[in-house]
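The values are calculated or read from the model by the stated rules, or taken from the named source; none is laboratory data. Just so you know, these numbers come straight off a predicted model, no measurement behind them. Cβ: placed from backbone, ideal geometry, glycine included. Neighbour counts: every protein chain shown.
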Amino acid sequence: MPTRAFAFAIAAVLVASACGGQAAAPSVAPATATPRPSPVKLVISYSNPIADFLPLWIAADDGTFAANGIEVEFQAIASAQGVAALVAGQTQVAAIGGSEILSAAAGGADLAVLANLVPVYPHLFEAAPDIKTADDLKGKRVGVSSIGSSSDIATRVLLRRIGIDPDKDVTIVAVGSTDTRTAALLSGAIQAAVTLVPDTLLVEDKGFKPLYDLGALKLPASQTVIAVTRSFLGSRRDVAQRVIDSVVTGTAHLRRDRALAIATLKKWLKSNDDRAMAAAYDKYALPVIPVLPFPTVEQFKDSQNALGAKNAQVLSYELSKLLEPALVQSAADRGADKK
């Protein structure tokens, strides 16, 4: 009886003969590229020309949205109108103040928060040169974008922390967007306001002083969130996931590539001011925009308490109903922050 080794040798000769004297190569399936998802057109609103939205802008400009099958159109819509546009279907995704979304949800709008791009108050509280202490603020006009907005919540939180009653000791004035708030400071229409880098540089060059730094306090906040309607999330969860994947990847890119981030800020903020755009990145975007933008109940507590003082529906609203952190978790699990 032939040995097993001898049998194997005979089999090899027979196979080689059948293949024209050549040993048969193993069959290997050809490699296939992961197909891109079918492209979907989305309108995404953003509420202010500020660095909060840098992950979205980078994802649009560097092809991340396209790679995830999103054809995005951006619309600049102030937060006060951004919720209405979202509910009406004029937009499908809103990058917007969390307090506005909370107020609308408590009033019956069926909304969901998928991410929180800025989970702390990033503001500096700038005051006119003659205001040097908290007591000096009494009787003064303090500007916010709109009542109930993120800037309004931040202002009220700060004033209470320094012993000022925002409803009695000062006059809160709604003056509009970050740009108009800066203009109101410079014109003297208001004497103090929370503002953001790089606008802080502009007002400080004119003699205003950063009286308080809210960013240093690291207080949980819902400054700028990504929101959709529940109906959109229910019917197009895969598309909503692609949006969050793009945001997470865009954030990774802005953290890795300073030059790209600054160039993107210059484009979207329409500025060639190297000093201002570098400050917007180094002192604002990089410190406050998280690697993974999980929305949490804690981030909405200040908004709930401030708005709930005048609205029982907001005060009793169950915050966990508003949040959908699973999409950020899925993006993390699949390594969207490593791309």
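Structural remarks
- Val72 falls short of the stated requirement of being assigned by TED's automatic domain parsing to the domain that holds Asp213 and without any contact (Cβ under 8 Å) to a residue 60 or more places away in the chain.
- Within this structure, Thr251 passes the test of being crowded, with 24+ Cβ neighbours inside 10 Å and touching a residue at least 60 places away in the same chain (Cβ under 8 Å).
- Residue that is farthest from Ser330 (Cα to Cα) [pool: residues in segment 216-231 that are of a type outside the set (A, V, I, L, M) and crowded, with 20+ Cβ neighbours inside 10 Å]: Gln223
- Residues in segment 36-75 that are closer than 29 Å to Tyr121 by Cα and modelled with pLDDT under 95: Ser47, Asn48, Pro49, Ile50.
Conditions (1) of a type in the set (Asp, Glu); (2) over 23 Å from Arg230 (Cα atoms); (3) without any contact (Cβ under 8 Å) to a residue 24 or more places away in the chain, marked per residue:
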position	(1), (2), (3)
Ala261	no, yes, no
Leu265	no, yes, no
Asn272	no, yes, yes
Glu298	yes, no, no
Glu318	yes, no, yes
Leu327	no, no, no
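- Total residues in segment 196-210, condition touching a Leu at 6+ places or on another chain (Cβ under 6 Å) and crowded, with 20+ Cβ neighbours inside 10 Å: 2
Matching residues to (1) crowded, with 19+ Cβ neighbours inside 10 Å; (2) in a strand (DSSP E or B):
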| residue | (1), (2) |
| --- | --- |
| Gly108 | no, no |
| Thr133 | no, no |
| Asp136 | no, no |
| Gly139 | no, no |
| Val142 | yes, yes |
| Gly148 | yes, no |
| Leu159 | yes, no |
| Thr182 | yes, no |
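- Matching residues in segment 63-119 - criterion: being within 17 Å of the chain's Cα centre (by Cα) and among the acidic types (Asp, Glu): Glu73, Glu100
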